[in-house]
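The values are calculated or read from the model by the stated rules, or taken from the named source; none is laboratory data. Note that the coordinates shown come from a computational prediction; the quantities given were computed from them, not determined experimentally. Here Cβ is always computed from backbone atoms with ideal geometry, including for glycine, and neighbour counts include all displayed protein chains. Side chains included, ligands, DNA and RNA excluded: accessible areas come from the protein's heavy atoms. Shrake-Rupley method; radii C 1.70, N 1.55, O 1.52, S 1.80 Å.
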Amino acid sequence: MSEYEKVLLKNVGKPNSRQLATYVEGGGYSGAKRALEHTPDDVIDVVKRANLRGRGGAGFPAGVKWTFLPKDREVTYLCVNADESEPPTFSNRVLMEEDPHQLLEGILIAGYATQATVAYLYMRAEFTEQYHIMQKAIDEAYEAGYFGKNILNSGYSLECYIHRGAGAYVCGEETGLIESLEGKRGWPRIKPPFPAIQGAFGKPTVVNNVETLANLPHIVNRGADWFLGIGPEGSSGPKLFCISGAVKKPGCYEGAMDFSVRELIESDRFGGGMRDGLKVKAVMPGGISMGILTADELDMKMDFSDPAKYGLLGLGTASAIVIDDRTDIRQVLRNVARFFAHESCGQCTQCREGTSWMYKMTNRVERGLGRMQDIELLGEIPAKMGMMPGLSICGLSDGAAFAISTIVEKFRSELEDYVRNENDDAVRIALEIAN
Amino acid sequence: MAWKAIDRVNAPAEESPSLSEPLKEKIRGFFDRYPTKRAVLIPALHMIQDDHGYVGWKAMEEVAELLEITPSDVFDTVSFYSHFWTHPKGEKVVMACRSISCDLLGADRVLDECKKVLGIGDHETTPDGKYSLMTEECLAACDHGPCLMINEKMHKCVDPANVRKILEDDANDKLDIPRSNLYDGANRTSA
Ligand SMILES: Cc1cc2nc3c(=O)[nH]c(=O)nc-3n(C[C@H](O)[C@H](O)[C@H](O)COP(=O)(O)O)c2cc1C
Ligand code: SF4
Ligand code: FES
C-alpha cells in the first residue's frame, strides 16, 4: 500500500466545506475554467487518456462512453447517477454532503465535454439532507455564473436540475433512471439502443456516477499522467472505499486501488481492525451484488481486475460489509435474497420469479425448515437468470445471482450442516406455525 | 358462510383532496425544466404528497389533466415507487433500515422496539394518526447502522434503549440545516 495524498476527500472536515467561497479558496472551479478554455474534444481526450473508469459499478471508461455520442446531435442530456442504493454503499453520500461543489464542477466539465444542454442530478428520495445541501450549492453556483447561459463568457450554456427519485433500487440502473426521469415507472430498457444514441426523451444521453464526475476537476487540472500514476495499471486514480460491519472504524475512505481486502479491514488508515476481538467470517467487498469472500480470500486486491479471480462479479461499488464469526451465514443469505426479491422490477420472468423463489427458500433454510433440495436449487437458479446468459434486461438479476450463488457455493457445508441437523426442530416449528 | 358483496354502484366515492391553485402553479413552475410535461410527474407527486400527506385518486386525476396524460399513466407511476402512497399515513413516517449492515448490527431489535413503543406493526399507522412505521432497504448510511429515518431526519447508530426517547421527541423529524422548499407542497408553513 503506497503513501497517499487525499484528492476527493481533501475538503472533508474543513469548516464550511459546503460553501462556494471555501471551495473557491481551495482552488475550486479552476478545473472547469481551464476546461472551458479548451475544446470539448480536448477535454474528452484527457479523460480518455487518464482511463477514468466509471465508479458506479460497471467500470466502463468515461471518456470512451462520451465518444459514443453521435457527431451530428443537437441536444444532449447528462444524467448524474446519485441513486446510491446498493447495500452497503455510501460514498456518493459523503461526496455530496461534504463537498457539493466538487461534484458540481465535475458536472460542468462533463457537460461541456459532451456539449450537454441540461444536467439532471438524479438523487434517491432518502437523500433528504443531501438534497437540501446540493440544491443550496446549485443555487450558489448559478449565482456565481457556473451554470446558466454563457458560462464564464465561454458561450457554453448548461442548466442543472435535481430530480428526486421515490424509492426504487432499479432506478440506479442507467435506463431505469432515464425512464424514471421521464416520469414513468423505473423499468430498465432493452439495449441497444444505448443511452448515448437514444436516451432521455429519445435524445443522446450520458449517464455517469457522482464519484466518476468528482474526479474530473482533478484530471483537468493535473493531467492524465498524474492520474495514471496513482494505483496499478487499469485501475488508476483516486478511489473511495466504504467499509461497514464488524470493524472498529466503519466509514468512507480514500486511497489508490493498490491494497487488499485484509488491509482495508486491518489498516489504521481504513477499518482499523475487527472490533471486540471478533474474527472475520466473510466479506462482501464490492456491495452485495458482487458476491462474497471467505476469511481465506482476504488477499483479494480492491481493484478492477482481481475480484474476478475470486469468483466475484467485479469491484462494484468498492463497499465492503465485514461479517464476523458469530454471524449465522443463513441470516446473511436470507437478507440478501430478500433485498433482490423486493427490488426486482418484475419485467423479466426469471428475475421476478427467481428472486422471490430464492427468498422463500432462504427463509425456510433460516427458520430450520430447509431441505437439501433447497440448497441445490439455490446453486442452480442463479445460473439461469442473468444478463450473462443473455436472459434478462438489466444487471440486477446478475447481482442477485452472484450474491446468492457465491454464498451457497462458498458456505455450502455450513448450510448443509444446518439442514441436516435441524430437521427434528423443523417439524416442531412447522407444527407451531400450523397452530 | 354468507357472502358480503360490496355494492360498487351505490358506494360513495372515496373522498380525497383536490389540488389547490397555488399547488398547481408550483407544479407548472417545473414545466421549463423538462422537454415533456410527463417528466414533471415525479416532482409533482412529491409536492402533492407533501401537501396532502398522500396521493389520492382525485389528485391523480387532476395532475393527469395538468400534465396532459391519462390518470392510469399517473397510477402506473405512483404504484411503482415505494415512497408514494395512495392512502393517508401518519404525520411522521418512521423508516427502519433492514439491509445487511444494519441487520448485522441489530436492526431487528430497533424495529421491535419501534413496534412496542408505537403499538403498531410494519406498514401500520397509530390510531391518533401521528406515526406510521415501515421497513426500508439500505438508506446509504451503513457506517452508522442501525439507521432510522423519520420523515426527513436520519437517526444514526440507534440503540434500542433510546428508541422511546427518539420517538417522544417532537423535533425528531426536523433537519438542522437550511432547507430548500423546491419540492415542498404549496401549503407547507414551516421553513
Ligand atoms: C440494478 C442496478 C443498480 C445500479 N445502481 C447504481 C447506482 O445506484 N449508482 C450508480 O452510479 N450506478 C448504478 N448502476 C450502474 C449504472 O447502470 C451505470 O453503469 C452507471 O451509473 C454509469 O456511471 P459510471 O460509468 O460513471 O460508473 C446500477 C446498475 C444496476 C444494474
Ligand atoms: S433483470 Fe430484474 S430488475 Fe432488471 S429489468 Fe429484468 S426484472 Fe427488472
Ligand atoms: S444497510 Fe442500513 S443504511 Fe445501509
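Does the range B:126-149 contain at least one residue that is more than 15 Å from B:Ser101 (Cα to Cα), within 14 Å of chain A (Cβ to nearest Cβ) and open to solvent by 10 Å² or more (accessible area, probe 1.4 Å)? Scanning the range B:126-149, I find no residue that is more than 15 Å from B:Ser101 (Cα to Cα), within 14 Å of chain A (Cβ to nearest Cβ) and open to solvent by 10 Å² or more (accessible area, probe 1.4 Å), so the answer is no.
Kindly indicate whether any position in the range B:70-88 is open to solvent by less than 10 Å² (accessible area, probe 1.4 Å), in contact with a strand residue (DSSP E or B) (Cβ under 9 Å, 6 or more places away or on another chain), over 24 Å from A:Ala341 (Cβ atoms) and modelled with pLDDT of 95 or more. No, the range B:70-88 contains no residue that is open to solvent by less than 10 Å² (accessible area, probe 1.4 Å), in contact with a strand residue (DSSP E or B) (Cβ under 9 Å, 6 or more places away or on another chain), over 24 Å from A:Ala341 (Cβ atoms) and modelled with pLDDT of 95 or more. Looking only at residues in the range A:72-91 that are open to solvent by 10 Å² or more (accessible area, probe 1.4 Å) and within 11 Å of A:Val210 (Cβ to Cβ), the one that is nearest to the other protein chains (Cβ to nearest Cβ) is A:Glu84. Inside the range A:1-25, residues that are open to solvent by 50 Å² or more (accessible area, probe 1.4 Å) and either of a type in the set (Val, Ile, Thr) or within 14 Å of A:Asn221 (Cα to Cα) (or both) make up a count of 2.
Residue-level check: of (1) touching a residue at least 12 places away in the same chain (Cβ under 8 Å); (2) open to solvent by 90 Å² or more (accessible area, probe 1.4 Å); (3) not in a loop (DSSP other than H, G, I, E, B), B:Lys174 misses just (3). For the range B:82-96, the candidate set comprises residues that are small (Gly, Ala, Ser) and assigned to a loop (DSSP other than H, G, I, E, B); within that set, the residue that is farthest from the other protein chains (Cβ to nearest Cβ) is B:Gly90.
Scanning the range A:169-183 for residues that are within 16 Å of B:Pro43 (Cβ to Cβ) and either at the interface with another protein chain (Cβ under 10 Å from one of its Cβ atoms) or open to solvent by 10 Å² or more (accessible area, probe 1.4 Å) (or both) gives A:Cys171, A:Glu179, A:Ser180, A:Leu181, A:Glu182, A:Gly183.
Here B:Ser79 fulfils each of the conditions (1) of a type outside the set (Asp, Glu); (2) more than 16 Å from ligand 2 (Cβ to nearest atom); (3) not in a loop (DSSP other than H, G, I, E, B) apart from (2). Annotation: B:Ala64 fulfils all but one of (1) within 16 Å of ligand 1 (Cβ to nearest atom); (2) open to solvent by less than 10 Å² (accessible area, probe 1.4 Å); the unmet one is (1).
Can you confirm whether A:Lys249 is farther than 28 Å from A:Arg371 by Cβ, away from chain B (no Cβ under 11 Å), in contact with a strand residue (DSSP E or B) (Cβ under 9 Å, 6 or more places away or on another chain) and open to solvent by 40 Å² or more (accessible area, probe 1.4 Å)? Answer is no for this residue.
Scanning the range A:324-334 for residues that are facing another protein chain (nearest Cβ under 10 Å) and surrounded by 24 or more Cβ atoms within 10 Å (Cβ to Cβ) gives a single hit, A:Val332. Scanning the range A:281-320 for residues that are assigned to a loop (DSSP other than H, G, I, E, B) and buried (at least 24 other Cβ atoms within 10 Å of the Cβ) yields A:Gly286, A:Gly291, A:Ile292, A:Met302, A:Leu315, A:Gly316, A:Thr317, A:Ala318.
Residues in the range A:93-110 that are open to solvent by 10 Å² or more (accessible area, probe 1.4 Å) and either within 12 Å of chain B (Cβ to nearest Cβ) or of a type in the set (Phe, Trp, Tyr) (or both): A:Arg93, A:Val94, A:Glu97.
Kindly indicate whether A:Arg164 is touching a residue at least 60 places away in the same chain (Cβ under 8 Å), within 13 Å of chain B (Cβ to nearest Cβ) and under 24 Å from A:Ser344 (Cα atoms). Spelling it out, it is not the case that A:Arg164 is touching a residue at least 60 places away in the same chain (Cβ under 8 Å), within 13 Å of chain B (Cβ to nearest Cβ) and under 24 Å from A:Ser344 (Cα atoms). Taken as a whole, the condition of being within 16 Å of ligand 2 (Cβ to nearest atom) and within 14 Å of chain A (Cβ to nearest Cβ) does not apply to B:Ser99. The requirement of being at pLDDT 95 or above and within 16 Å of ligand 1 (Cβ to nearest atom) is not satisfied by A:Thr406.
Would you check which residues across the range A:238-296 are among the small types (Gly, Ala, Ser) and within 29 Å of A:Ala400 (Cβ to Cβ) and list them? Of everything in the range A:238-296, those that are among the small types (Gly, Ala, Ser) and within 29 Å of A:Ala400 (Cβ to Cβ) turn out to be A:Ser244, A:Gly245, A:Ala246, A:Gly251, A:Ser260, A:Gly271, A:Ala282, A:Gly286, A:Gly287, A:Ser289, A:Gly291, A:Ala295.
The single condition among (1) surrounded by fewer than 24 Cβ atoms within 10 Å (Cβ to Cβ); (2) farther than 28 Å from A:Gly237 by Cα that A:Gly199 does not satisfy is (1). A single member of A:Gly399, A:Gly390, A:Gly346, A:Gly370 is part of a loop (DSSP other than H, G, I, E, B), surrounded by 22 or more Cβ atoms within 10 Å (Cβ to Cβ) and among the small types (Gly, Ala, Ser), and it is A:Gly370. Inspection of the range A:376-387 finds a residue satisfying the criterion of being within 16 Å of ligand 2 (Cβ to nearest atom), surrounded by fewer than 20 Cβ atoms within 10 Å (Cβ to Cβ), more than 14 Å from chain B (Cβ to nearest Cβ) and part of a loop (DSSP other than H, G, I, E, B). Considering B:Lys153, B:Lys116, B:Lys165, the condition of being basic (Lys, Arg), closer than 22 Å to A:Gly167 by Cβ and surrounded by fewer than 21 Cβ atoms within 10 Å (Cβ to Cβ) is satisfied by B:Lys153 alone. Could you list all residues from the range A:130-143 that are within 8 Å of another protein chain (Cβ to nearest Cβ), in contact with a strand residue (DSSP E or B) (Cβ under 7 Å, 6 or more places away or on another chain) and open to solvent by 10 Å² or more (accessible area, probe 1.4 Å)? Residue satisfying the conditions is A:Gln135 alone.
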